[in-house]
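Chemist: The structure that follows is given in the form of C-alpha cells.
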Amino acid sequence: MHPEDDDPGAGLATAGRLARLYLDTLPGRAPARAPARFAPVPLPEEGVGAAEALDALWARHGHGFSGNPGPRYWAFISGGVTPAALAGDWLTAALDQNVQNFEDGPALNLEREALDLLRQLFALPEDFQGCCVTGGTMANFMGLAVGVQVLGRRRGIDVGRDGIAAMPDLRILSGEAHASIGKAAAMAGIGRGRIESLPRLPGREAVDPAALRARLAELGGRPVIVVGNAGTVTTGDFDDLGALGAIAREAGAWFHVDGAFGLFARIVDTHRHLTDGLELADSIASDAHKFLNVPQDSGFVFTRHPGAQAEIFKSISNYLPAPDGEPAVVQHLGPELSRRLRGLPIWATLHAYGRSGYAEMVARCIGLARSIGARIDGLPGFRLLAPVRYNVVCFELIDESGPVGEAETRAFLDRLTADGRLFIGPSIFLGRPCVRFAILNWRTGEADLDIAIEALNACRQAPPPAVTAE
Ligand SMILES: Cc1ncc(COP(=O)(O)O)c(C=O)c1O
C-alpha cells in the first residue's frame, strides 16, 4: 500500500483503540518486566496500511508493554501521563509544526506561552526565558553551555567561536550532581574530569556551603560553574540554594540549578521553602516528563542571558537568518533546528488542571511518600535511611546483625520486580547499599501504598530464588 491509498482516519481509530486497551489494562500491568526476545522482522515488500500495521505491532509486542506510566512504577524519577498531556501529544504529531522559527506559523508563539505558563507556575522572575528540550539531561547541557559562554565573555573569550579549549581552567563544582551533569559536561566539551564533588552536610546529600566558599577562594577567580541540586535522586535532598547562589555570585561563578523534579516543590505551600533562593540562579533545568506528567520526551530550561545563549546555539546560513534581537527563535535558542512543538502538551495539561490541580497532585505524591516511608520504617527487615523530605523514600534492608549487603539487596529487588506489583531500584547512600523510589505519578493513590507494602513484605520474606541447572 502507498500512503496516498491509506485512510488516516483508520490508522488513528486503531491507535485510539489500542491506546484505550493499554490504558484500561494499565493498573493491572506489571510496572516492569523483562523484554521477550524475538526473531528479526522481515521488511515487507508490500505494506498493509496504518491500521493493519498497528494491529500487527500490537499482536507482536502489545502484551509485553510494561506499566511504565502506571501507579507503581517508582524506580528512577518517572512521571505518568495526564489525559490532557496525552491528547495534546497526539495533536502535536498530527499538526507536525516545525517550531524552529516564526516564518511559517504560530507554533513558536504557542510554545512561548507554554513556557511562560511554566514560569508563572514556578513563580520565577520575568527575566527568565524558557526553552523546550527533550529532558533534564539536555536542560542541564544547555545550562552548562550558556554558563561557559557567559564566563568566557567576562574574560574576553568567545567559546561559541573558539571552543572550550580557550578556557582550560574551567571547573564545575557540585555536591550530589545527577549523572546527566557528567554527560552534559562531556557533550559540551568541558569534560567529566573537570567536575569536582564538594563535601556534603553530615548525613545529607546537600552540599556544605562553607566547603563551596572555601573551594571558590582556593580557585581564586578561575571560571566556575556551580551546580545546585534541587531534589537528589537517592534521598530527595535539596541544596541550600540561597546560600549557594549568594556564594557563587560573590565569586563571579555561574549558578546552575538542576530542578528536574525538585522545582515542583515550589508549587506546594508546605514545601516551597526547599527552593528558597532559586531566584539567584543563572539557569534552571527541569523536566515535563517527570512531575508535570507529560509524555516523554519533554524537558525545559530557563536562562536569563539570551544574548550569550544565542552566541552558543545560533545557526546561520544563506537560508537561515541571523538572530535579529530578542527574544531569539528556537533555531538560535536551543540545541535543535527542526523539532516538534513540545510546548503543546505542556500548554494543554496546564490549562486542563491549572495551578491548583498540579499543586494538589504534587502535594499528594509528597504525602504518599511520607506515609509509606513511615510504614516501611515500621516493618521488620527494613529501616528508613533518610527522612522523607520530598517525594523520595530511601531505606535499607536489615537483619538481626544489621544492614544486609549489596548482594542480598539486589536479590530482594529482583524478587520484587519479578513479583510484578512494584518497581523500585537500588542506590548507595553514605556508602551503604540502599533501596530508593520516588512517587510522582498522578495515578498513584493510597491503595497503591497497601499493595506496595504487601509486595515489599512478601519479597523480603521469600527465600532467594533457587538456582536451577539447565
Ligand atoms: C535530578 C535529575 N537531573 C537530571 C535528570 C535527567 O533527566 P532526563 O532523564 O529527563 O534526561 C534526572 C533524571 O532522573 C534527574 O533526576
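Chemist: Where residues in the stretch 150-186 are within 16 Å of the ligand (Cβ to nearest atom), crowded, with 17+ Cβ neighbours inside 10 Å and among the hydrophobic types (A, V, I, L, M, F, W, C), which of them is farthest from Ala310 (Cα to Cα)?
Modeler: This residue is Ala177.
Chemist: OK, next. Can you tell me which residue in the stretch 253-294 is surrounded by the fewest Cβ atoms within 10 Å (Cβ to Cβ), limited to those that are charged (D, E, K, R) and more than 13 Å from the ligand (Cβ to nearest atom)? Quick ask: steps written out before the conclusion?
Modeler: At the first step, the residues of the stretch 253-294 found to be charged (D, E, K, R) are 258, 266, 269, 272, 276, 279, 282, 287, 290.
Next cut, more than 13 Å from the ligand (Cβ to nearest atom) only: 266, 269, 272, 276, 279, 282.
Values: Arg266: 21, Asp269: 8, Arg272: 13, Asp276: 16, Glu279: 14, Asp282: 25.
Ranking the candidates gives Asp269 first.
Chemist: Answer yes if at least one residue in the stretch 342-365 is under 29 Å from Leu110 (Cα atoms), part of a loop (DSSP other than H, G, I, E, B) and touching a residue at least 40 places away in the same chain (Cβ under 8 Å), and no otherwise.
Modeler: Pass one, the stretch 342-365, residues under 29 Å from Leu110 (Cα atoms): 342-363.
From what is left, the residues that are part of a loop (DSSP other than H, G, I, E, B) are 342.
Subset that is touching a residue at least 40 places away in the same chain (Cβ under 8 Å): 342.
Yes; the residues of the stretch 342-365 include at least one that is under 29 Å from Leu110 (Cα atoms), part of a loop (DSSP other than H, G, I, E, B) and touching a residue at least 40 places away in the same chain (Cβ under 8 Å).
Chemist: Then there is this: Which members of the stretch 319-365 meet the condition of being among the β-branched types (Val, Ile, Thr) and out of contact with any Cys (no Cβ under 9 Å at 6 or more places or on another chain)?
Modeler: Step one: of the stretch 319-365, the residues among the β-branched types (Val, Ile, Thr) are 329-330, 346, 349, 362.
Within the stretch 319-365, Val329, Thr349, Val362 meet the criteria.
Chemist: Could you look through the stretch 295-308, keep only residues that are more than 10 Å from the ligand (Cβ to nearest atom), at pLDDT 95 or above and touching a strand residue (DSSP E or B) at 6+ places or on another chain (Cβ under 6 Å), and pick out the one that is nearest to Asn140 (Cα to Cα)?
Modeler: My answer is Val301.
Chemist: Here's another thing I want to ask about it. With Asp419, Asp377, Asp414 as the choices, which residue is farther than 27 Å from Arg266 by Cβ, of a type in the set (D, E, K, R) and in contact with a strand residue (DSSP E or B) (Cβ under 6 Å, 6 or more places away or on another chain)? So that I can check it myself, show each step before the final result.
Modeler: Values: Asp419 fails: in contact with a strand residue (DSSP E or B) (Cβ under 6 Å, 6 or more places away or on another chain); Asp414 fails: in contact with a strand residue (DSSP E or B) (Cβ under 6 Å, 6 or more places away or on another chain).
Criteria check complete, one pass: Asp377.
Chemist: State all residues of the stretch 295-313 that are surrounded by fewer than 20 Cβ atoms within 10 Å (Cβ to Cβ) and free of Cβ contacts under 8 Å to residues at least 60 places away in the same chain; if no residue qualifies, say none.
Modeler: Within the stretch 295-313, Gly307 is the sole residue that qualifies.
Chemist: Going through Leu385, Leu341 one at a time, which residue ends up being of a type outside the set (Phe, Trp, Tyr), at pLDDT 95 or above and farther than 24 Å from Ala452 by Cα? Explain how you work it out, then say what you get.
Modeler: Values: Leu385 fails: farther than 24 Å from Ala452 by Cα.
Matching residue, one of Leu385, Leu341: Leu341.
Chemist: Name every residue in the stretch 375-407 that is in a helix (DSSP H, G or I) and without any contact (Cβ under 8 Å) to a residue 12 or more places away in the chain, in order of residue number.
Modeler: As a first pass, look at the stretch 375-407 and keep what is in a helix (DSSP H, G or I): 375-377, 406-407.
Scanning the stretch 375-407 gives a single hit, Ala407.
Chemist: Does the stretch 40-50 contain at least one residue that is surrounded by 15 or more Cβ atoms within 10 Å (Cβ to Cβ) and at pLDDT 95 or above?
Modeler: Step one: list which residues in the stretch 40-50 are surrounded by 15 or more Cβ atoms within 10 Å (Cβ to Cβ), which gives 49-50.
Narrowing the set further to residues that are at pLDDT 95 or above leaves 49-50.
Taking every residue of the stretch 40-50 in turn, at least one turns out to be surrounded by 15 or more Cβ atoms within 10 Å (Cβ to Cβ) and at pLDDT 95 or above.
Chemist: Filter the stretch 2-31 for residues that are closer than 26 Å to Leu95 by Cβ and among the aliphatic types (A, V, I, L, M) and give the result.
Modeler: Ala10, Leu12, Ala13, Ala15, Leu18, Ala19, Leu21, Leu23
Chemist: Residue by residue through the stretch 202-228, note down the ones that are within 16 Å of the ligand (Cβ to nearest atom) and acidic (Asp, Glu).
Modeler: Glu205
Chemist: Right, here's the next one. Does Leu95 count as crowded, with 19+ Cβ neighbours inside 10 Å, over 23 Å from the mean Cα position of the chain (by Cα) and more than 16 Å from Ser286 (Cα to Cα)?
Modeler: Details: crowded, with 19+ Cβ neighbours inside 10 Å: no; over 23 Å from the mean Cα position of the chain (by Cα): yes; more than 16 Å from Ser286 (Cα to Cα): yes.
No.
Chemist: Follow-up question, since we're still on this one. Quick check, is Thr137 assigned to a helix (DSSP H, G or I), modelled with pLDDT of 95 or more and within 16 Å of the ligand (Cβ to nearest atom)?
Modeler: Taking the combined requirement at face value, the residue satisfies it.
Chemist: Among the residues of the stretch 117-134, write down those that are farther than 19 Å from Arg339 by Cα, within 16 Å of the ligand (Cβ to nearest atom) and either outside any loop (DSSP other than H, G, I, E, B) or free of Cβ contacts under 8 Å to residues at least 12 places away in the same chain (or both). Break it down stepwise before answering.
Modeler: The first filter runs over the stretch 117-134 and keeps only residues farther than 19 Å from Arg339 by Cα, leaving 117-128.
Among the residues that remain, those that are also within 16 Å of the ligand (Cβ to nearest atom) are: 118, 122.
Result: Leu118, single match.
Chemist: Gly80: part of a loop (DSSP other than H, G, I, E, B), within 16 Å of the ligand (Cβ to nearest atom) and touching a residue at least 12 places away in the same chain (Cβ under 8 Å), yes or no? Spell out the reasoning first.
Modeler: Numbers: part of a loop (DSSP other than H, G, I, E, B): yes; within 16 Å of the ligand (Cβ to nearest atom): yes; touching a residue at least 12 places away in the same chain (Cβ under 8 Å): yes.
Considered against the rule, which asks whether it is part of a loop (DSSP other than H, G, I, E, B), within 16 Å of the ligand (Cβ to nearest atom) and touching a residue at least 12 places away in the same chain (Cβ under 8 Å), Gly80 comes out as yes.
Chemist: A further question follows. Quick one: would you say Leu54 is modelled with pLDDT of 95 or more and either within 16 Å of the ligand (Cβ to nearest atom) or closer than 27 Å to Ala438 by Cβ (or both)? Walk me through how you get there before you give the answer.
Modeler: Working: modelled with pLDDT of 95 or more: yes; either within 16 Å of the ligand (Cβ to nearest atom) or closer than 27 Å to Ala438 by Cβ (or both): no.
In short, no.
Chemist: Follow-up. Hey, among Ala114, Ala166, Ala179, which residue is without any contact (Cβ under 8 Å) to a residue 12 or more places away in the chain and of a type in the set (A, V, I, L, M)? Full working, then the answer.
Modeler: Values: Ala114 fails: without any contact (Cβ under 8 Å) to a residue 12 or more places away in the chain; Ala166 fails: without any contact (Cβ under 8 Å) to a residue 12 or more places away in the chain.
One residue alone meets the criteria, Ala179.
Chemist: If you don't mind, another one. Of all residues in the stretch 229-252, count the ones that are within 16 Å of the ligand (Cβ to nearest atom) and either on the phi > 0 side of the Ramachandran plot or of a type outside the set (Val, Ile, Thr) (or both).
Modeler: Matching residues across the stretch 229-252 total 9.
The values are calculated or read from the model by the stated rules, or taken from the named source; none is laboratory data. Quick caveat, the model's predicted, so the values are computed rather than measured. When we count neighbours, we look across all protein chains shown, and the Cβ atoms used for this are built from the backbone with ideal geometry, even at glycine.
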